[in-house]
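The values are calculated or read from the model by the stated rules, or taken from the named source; none is laboratory data. Small disclaimer: the values here were computed from a predicted structure and weren't measured. No Cβ is skipped: glycine too gets one built from the backbone with ideal geometry, and neighbour counts run over all protein chains shown. Ligands, DNA and RNA are stripped out before the accessible areas are found, and what is left, the full protein with its side chains, is counted by its heavy atoms. Shrake-Rupley method; radii C 1.70, N 1.55, O 1.52, S 1.80 Å.
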Amino acid sequence: MYWGCARLLAPLCRRRRPPIAALLWTRRGYCNMDGDRDSSNTNAVKPKAPKIYTKTGDKGYSSTFTGERRQKDDNVFDALGSTDELTSAIGLAMEFCLEKGHEFVDELHEIQCVLQDVGSNVATPISSARESHLKRTAFSGKPVIELEQWIDRYTEQLPPLTNFILPSGGKCSATLHLARSICRRAERSMVSIVQAGEADRNAARYLNRLSDYLFTLARYAAMKEGKKEHVYKRRNYD
């Protein structure tokens, strides 16, 4: 249920797409075509806000976007959980990066929106999806190309990598490394789903490239802040 709703709300992240959520409210008669509350009827009853809890998952099952009920420990929900955790980790990193005035914060916000699209694709198992489901949750390779362009741009400004870097380099850099490690887990959780033909391979490719982007960005943030990155040094156990 969560990812079905997320698919409807995700377009709000992107300026180039229409505000679908607003259109839904219009269809229910709560708003006019401009998205404002209809004031023509002063006696109109204020719509009751939906409850955040549904109790439908109390027995250990949840629904995919296609309406299929699966156990909560299913690979699909494992992947969705890891992707959600990744989005939260990026949000934490964004807050530290905002404090430092980094110009790449807008990219991180765009990535959070794309991750909602990744989740929508994962939450729509192909085996139980109708054509209308697949059209709404299709994931293209364009976001992958965009990440590669960002990686190349930052890499050109960084010194060559000569050592194994440990997560460090300030709060912004360290939290970007944390997001990178969660991204790796999210990618691993998608392997079986993609191999089973239940999700788009481009969604997994995006997570693979995203971990490279987060690593590069962590180095870039440390460089811009003048923070020292700690490198791995093998201990002498003799």
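Listed by chain and number, the lysines whose alpha-carbon sits under 24 Å from that of K55, ignoring those within fewer than 8 places in the same chain, are K72. Over every Cα atom in the range 61-129, the radius of gyration and the widest Cα-Cα span, Dmax, amount to 14.9, 46 Å.
Computed over the Cα atoms of the range 69-216, pair by distinct pair, the Kirkwood hydrodynamic radius stands at 16.0 angstrom. In terms of overall dimensions, the C-alpha atoms belonging to the range 136-195 reach 40, 23, 21 Å along their principal axes, ordered largest to smallest.
The lysines within cross-link reach of K135, meaning a Cα-to-Cα straight distance under 22 Å and a gap of 8 or more places when in the same chain, come to none at all.
So how much slack lies between R130 and R69, counting 0.36 nm per residue of separation and subtracting their Cα-Cα distance, in nm? Walk me through the numbers before you get to the answer.
Working: separation 61, 0.36 × 61 = 21.96 nm, distance 1.56 nm.
Here the segment from R130 to R69 would lengthen by 20.4 nm.
Using 0.36 nm per residue, how much length does the chain from D152 to R188 gain when fully extended, once their Cα-Cα distance is taken away? Numbers along the way, then the final one.
Details: separation 36, 0.36 × 36 = 12.96 nm, distance 2.42 nm.
Roughly 10.5 nm would be gained on extension.
Once backbone amide H atoms are built at 1.01 Å from N, G169 has H230 as its partners under 5 Å, excluding neighbours fewer than 5 places away on the same chain.
Remark on the range 93-177: Rg and Dmax equal 17.1, 50 Å (Cα only).
For the pair D238 and T162, what calculated FRET efficiency results from E = 1/(1 + (r/R0)^6), where r is the Cβ-Cβ distance and R0 = 41 Å, to the nearest 0.05? Efficiency at R0 = 41 Å is approximately 0.95. Considering only T124, A79, Q112, the residue lying farthest towards the positive end of the dipole of the range 74-155 is T124, judged by Cα position with unit charges set on Cβ.
Pair-distance distribution of the range 43-89: all C-alpha pairs, bin width 5 Å, starting at 0; shares per bin in whole percent are 5, 16, 18, 20, 17, 9, 6, 5, 4, 1. At q = 0.11, 0.21 Å⁻¹, what base-10 log of I(q)/I(0) does the Debye formula yield for the range 136-238 when every alpha carbon is treated as an equal point scatterer in vacuo? For the requested q values the scattering log ratios are -0.42, -1.07.
The phi-based Karplus calculation (6.51 cos²θ - 1.76 cosθ + 1.60; θ = phi - 60°) puts the 3J(HN,Hα) values of the range 194-200 at 5, 5, 7, x, 9, 9, 6 Hz, whole numbers, x for Gly and Pro. The HN-Hα couplings worked out from phi for the range 226-236 by the Karplus form 6.51 cos²θ - 1.76 cosθ + 1.60 (θ = phi - 60°) are x, 8, 7, 8, 7, 10, 6, 10, 5, 6, 8 Hz, whole numbers, x standing for Gly and Pro.
Computed over protein heavy atoms with a 1.4 Å probe, the accessible surface of the range 96-238 works out to 53 Å² per residue. Remark: the range 180-188, residue by residue, has Karplus-estimated 3J(HN,Hα) of 4, 5, 5, 4, 4, 5, 4, 5, 4 Hz, where x stands for each Gly or Pro and the curve is 6.51 cos²θ - 1.76 cosθ + 1.60 at θ = phi - 60°.
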